Amino acid sequence: MGTLVRTSKFLSAARDINGIVTITMRRPPLNRMNLEFMSEFSNVLRDLERDNCPGAILTSYSNKVFSAGFDIGELCNPEPERFNDFYTEVQNNWTQLYGSTFPTVAVINGHAMAAGCLLALSCDYRVMIKNRTIGYNEMQMGLATPTWFTATMLNTVGHRHTELGVTLGKMFTTDEALNINLIDCVADSKEEGIQKALSFLEKFTHFLPKSYTFAKHSLRGPFIKQLKENQNEETQLAFRFLKDPEVIKKLEIVKDKEQTQFLTSKVA
Ligand SMILES: CCCCC/C=C\C/C=C\C/C=C/C(=O)SCCNC(=O)CCNC(=O)[C@H](O)C(C)(C)COP(=O)(O)OP(=O)(O)OC[C@H]1O[C@@H](n2cnc3c(N)ncnc32)[C@H](O)[C@@H]1OP(=O)(O)O
């Protein structure tokens, strides 16, 4: 796997002999993202930028779930200060990953829901294991999909697929995701996925890093700028949304269902 360069409560990062770093999310059982998880993620990305990392792979310790998205505990009737910290960290994390100066690949070895899907879409390339699902399922939870989540999908698959995906809260199977270019290729196992990721990253060894960064930022920079300019408004909007009694009620029902069965559209 390579030399361990960083390990924290929920993440580990290991560097191979070519300098490629594999970040493994490990918050059992579902890699749900809370404030602590997001802060650790930001720290890893900051280290990789500082060390002029040549490329990174993002994957999960679990072959069942890549990430179940945000921890509902952070969203259900939140406290203002905690939510502000959480959402700011989430936004910073997205600007770091989507705008990283090094190429990134998501090896999606399990279901990737909502913010888990955003993580994968924020990478430059996606390899997904067969028989998993990926998508923005916020609608099914009584939530809404934030603007920059939508923009990230739009920039990947275009308007119509995004419109249907977001408004239906659709979870795409691996095959469906490949058909609409939500992912770039399929693998039989995580190991094969990692090999495909390394082959993709190998292409960049022939390019000047500054040329790559310029190309990436010319495509993604305007969207990052837009979020940075509206960060506070986005946070307030989300907070107000989450304080709506109907939304709280719906999320509480979801939380109650957690004791038995989470969603009717639960995936295999
Ligand atoms: C107007 C502007 C916009 C405003 C929007 C405002 C705010 C929203 C901001 C952002 C958008 C939201 C992003 C998100 O990420 S929301 C989270 C979405 N995640 C999910 O929907 C996950 C649903 N989970 C599942 O479908 C399944 O759990 C699974 C991942 C497929 C795994 O299935 P499995 O059968 O293995 O496990 P269980 O279902 O039995 O789950 C085990 C245990 O964990 C609980 N759980 C699952 N997911 C979450 C979660 N995200 N947060 C908290 N808890 C979760 C599940 O209920 C079980 O609990 P139990 O007590 O029964 O053990």
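The values are calculated or read from the model by the stated rules, or taken from the named source; none is laboratory data. Treat the numbers as computed from the prediction; the structure is a model and nothing was measured. When we count neighbours, we look across all protein chains shown, and the Cβ atoms used for this are built from the backbone with ideal geometry, even at glycine.
To keep it simple, each residue is scored yes or no on (1) buried (at least 24 other Cβ atoms within 10 Å of the Cβ); (2) among the β-branched types (Val, Ile, Thr); (3) touching a helix residue (DSSP H, G or I) at 6+ places or on another chain (Cβ under 9 Å); (4) farther than 25 Å from residue 54 by Cα.
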{"site": "101", "(1), (2), (3), (4)": "no, yes, yes, no"}
{"site": "116", "(1), (2), (3), (4)": "yes, no, no, no"}
{"site": "123", "(1), (2), (3), (4)": "no, no, yes, no"}
{"site": "130", "(1), (2), (3), (4)": "no, no, yes, yes"}
{"site": "147", "(1), (2), (3), (4)": "no, yes, yes, yes"}
{"site": "169", "(1), (2), (3), (4)": "no, no, yes, yes"}
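Specify which of the listed residues (147, 133) is more than 14 Å from the chain's Cα centre (by Cα) and farther than 20 Å from residue 214 by Cα. I'd like the intermediate steps shown before the answer.
Numbers: 133 fails: more than 14 Å from the chain's Cα centre (by Cα).
On inspection, the qualifying residue turns out to be 147.
Any idea which of (1) surrounded by 13 or more Cβ atoms within 10 Å (Cβ to Cβ); (2) in a loop (DSSP other than H, G, I, E, B) is the one residue 181 doesn't satisfy?
All conditions pass for residue 181, except number (1).
Test each condition in (1) hydrophobic (A, V, I, L, M, F, W, C); (2) touching a residue at least 24 places away in the same chain (Cβ under 8 Å); (3) touching a strand residue (DSSP E or B) at 6+ places or on another chain (Cβ under 6 Å) for residue 14 and report the one that comes out false.
(2)
Within segment 20-40, track down each residue that is charged (D, E, K, R) and either in a helix (DSSP H, G or I) or farther than 14 Å from residue 8 by Cβ (or both).
Just the residues of segment 20-40 that are charged (D, E, K, R), to begin with: 26-27, 32, 36, 40.
32, 36, 40 - these are the residues of segment 20-40 that are charged (D, E, K, R) and either in a helix (DSSP H, G or I) or farther than 14 Å from residue 8 by Cβ (or both).
For segment 60-69, state whether one or more residues are touching an Asp or Glu at 6+ places or on another chain (Cβ under 9 Å) and modelled with pLDDT of 95 or more. Steps first, please.
At the first step, the residues of segment 60-69 found to be touching an Asp or Glu at 6+ places or on another chain (Cβ under 9 Å) are 69.
Filter again for modelled with pLDDT of 95 or more, leaving 69.
Within segment 60-69, one or more residues are touching an Asp or Glu at 6+ places or on another chain (Cβ under 9 Å) and modelled with pLDDT of 95 or more.
In segment 72-84, which residues are more than 12 Å from the ligand (Cβ to nearest atom), assigned to a helix (DSSP H, G or I) and either without any contact (Cβ under 8 Å) to a residue 24 or more places away in the chain or within 18 Å of the chain's Cα centre (by Cα) (or both)?
Within segment 72-84, 81 is the sole residue that qualifies.
Among the residues of segment 209-225, are any under 23 Å from the mean Cα position of the chain (by Cα) and within 15 Å of the ligand (Cβ to nearest atom)?
No: segment 209-225 contains no residue that is under 23 Å from the mean Cα position of the chain (by Cα) and within 15 Å of the ligand (Cβ to nearest atom).
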